[in-house]
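The structure appears right after this line, and notes come after that.
Read the figures in this text as sums done on the coordinates, not as results from a lab. Predicted model, so just to flag it, every value in this text is computed and none were measured. Neighbour counts run over all protein chains shown; Cβ positions are idealised from the backbone, glycine included.
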């Protein structure tokens, strides 16, 4: 025992000397040894606030009540809440969904985890308008948004893919290439960005041959998405440091291992709207697959030019994914995360209205992405014109993420966003895949319950008249009054679904 005490005392003495005379930090020099407690509390601060200090609606990006709903839904537990709302329902921006006096369908539909599984297929067929050889109707209006292997660990990607297969939804690969963990049976949307990972030569140029090899390697690839930008860091490329570029990640991305993996700011395969459309059409012709684009929204000139070019050329993307500035699965500089690109509820209506004015809104499918993994937010997106909703961080929470906000450090305590073998071992993909499946089912079921409460059969029947938003104390306006349009849709039913 005395040996242990001497060792501890000696260590503290050495630390005291280092802190007092050699440390670069003012606090440590003035308060040797005990100054380290400050940094321990700073390190533990988010966890302490999350579990001890913060109220149900105080935390960001997801508050306690939102996380609780996701966790309960994913575990198959009772996800009802009692004693009424504790939201500030008169707060500016708060949405109210207007129900019908005579709801649609069976009264036995409860929106609980015990309901029958409803996939709720998309009302549109991707690629049908432009006659793609492999046009495809997504079987689910809720799908997994783009998250790369590299940003997520292997077990997390596999859990999401297995869960997506069971839930009948698609899994977007993100721009980090198509890994073996994406190839577990779920429908896949292969995404690439400016780095062309999975479809590039070793010099970083786009390669159609490599794209065809990648698509052939996974028989469940249903579409291809060209990422122009994302909400987390719009207009900015990225670097995956050499230390993180393992042999496995290098194979998925088509790069050299143990070298910095760089995503430039700009695409090199095209330089303007018309060359981008030509590029999309070449890919669609070579693969037969529908092809879409993903973009955050800043300057609107691009979208105006795109809508006009698509109308005049009769060609273009089969879908457009609008990512709000709230996006967060990509690590980013603080200014980009906080101040660059418009939030979804501002961005989507501006772009959609441009296409409506050009009579092109119904010529593409619209995908909404940005903290929309909750029934009310997803329904607001549908009221604004979205046909599909992509979810990312909500999917991460469903497979065990605790919002520790360590995603960029490779020290994710839940094993979701790390490649540390020990931390990853805590994520059992068999267990967590089932949790994602239950979460996805619960989200769709509750959306469908609200749809029926509003008198509709399918969520695509919502209009901008069906939601009112608080614009001041006791003052509410419909989304149509605020944004000046309602989506242009026709509903003739979906074969084999009711």
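Listed values, structure above:
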| quantity | calculated |
| --- | --- |
| Peptide ranges 444-454, 125-135, 338-348, 472-482 listed from the most packed, as the mean C-beta count within 10 angstrom indicates | 444-454, 338-348, 125-135, 472-482 |
| Ranked by how many other beta carbons lie within 10 Å on average, peptides 458-467, 192-201, 93-102 from highest | 192-201, 458-467, 93-102 |
| Cα centroid separation, the stretch 72-91 to the stretch 190-232 (Å) | 40 Å |
| Inter-probe distance in nm under a simple model that places probes 7 Å from Cα toward Cβ, at residue 312 and residue 133 | 3.1 nm |
| On Cα atoms only, tilt of 154-167 relative to the major axis of the chain in degrees | 30 degrees |
| Relative contact order of the chain, defined on C-alpha pairs under 8 angstrom at six or more residues apart (%) | 20 percent |
| Share, in percent, of DSSP beta bridges within the chain that are antiparallel, nearest 5 | 30 percent |
| Cα centroid separation - the stretch 356-404 against the stretch 431-498, whole Å | 11 Å |
| Bridge type composition, the stretch 186-326 - antiparallel percent by DSSP, nearest 5 | 20 percent |
| Gained length - residue 63 relative to residue 100, 0.36 nm times residue gap less alpha-carbon distance | 10.3 nm |
| For the stretch 240-372: rounded, prolate or oblate by the Cα gyration tensor [a/c cutoff 1.5] | oblate |
| Pairwise label distance in nanometres, residue 488 with residue 29, each label 7 Å out on the Cα-Cβ vector | 6.8 nm |
| Estimated [θ] at 222 nm from DSSP helical runs (n ≥ 4, -39500 (n - 2.57)) normalised by residues in the chain, nearest 500 | -11000 deg cm²/dmol |
| Difference of contour (0.36 nm per residue) and Cα-Cα distance, residue 247 to residue 346 | 31.5 nm |
| Using alpha-carbon coordinates, inclination of helix 64-75 to the longest axis of the chain, degrees | 70 degrees |
| Prolate/oblate/rounded label for the stretch 371-482 (Cα gyration tensor, a/c 1.5) | prolate |
| Highest to lowest packing among 377-387, 411-421, scored as the average C-beta count within 10 Å | 377-387, 411-421 |
| Angle in degrees between helix 2-21 and the longest Cα principal axis of the chain, rounded to the nearest 10 | 70 degrees |
| Residue 281/residue 202 FRET efficiency (R0 22 Å; Cβ-Cβ; nearest 0.05) | 0.25 |
| Three-way shape label, the stretch 400-445, alpha-carbon gyration tensor, a/c 1.5 | oblate |
| Efficiency of FRET between residue 271 and residue 13 - r from beta-carbon atoms, R0 56 angstrom, step 0.05 | 0.30 |
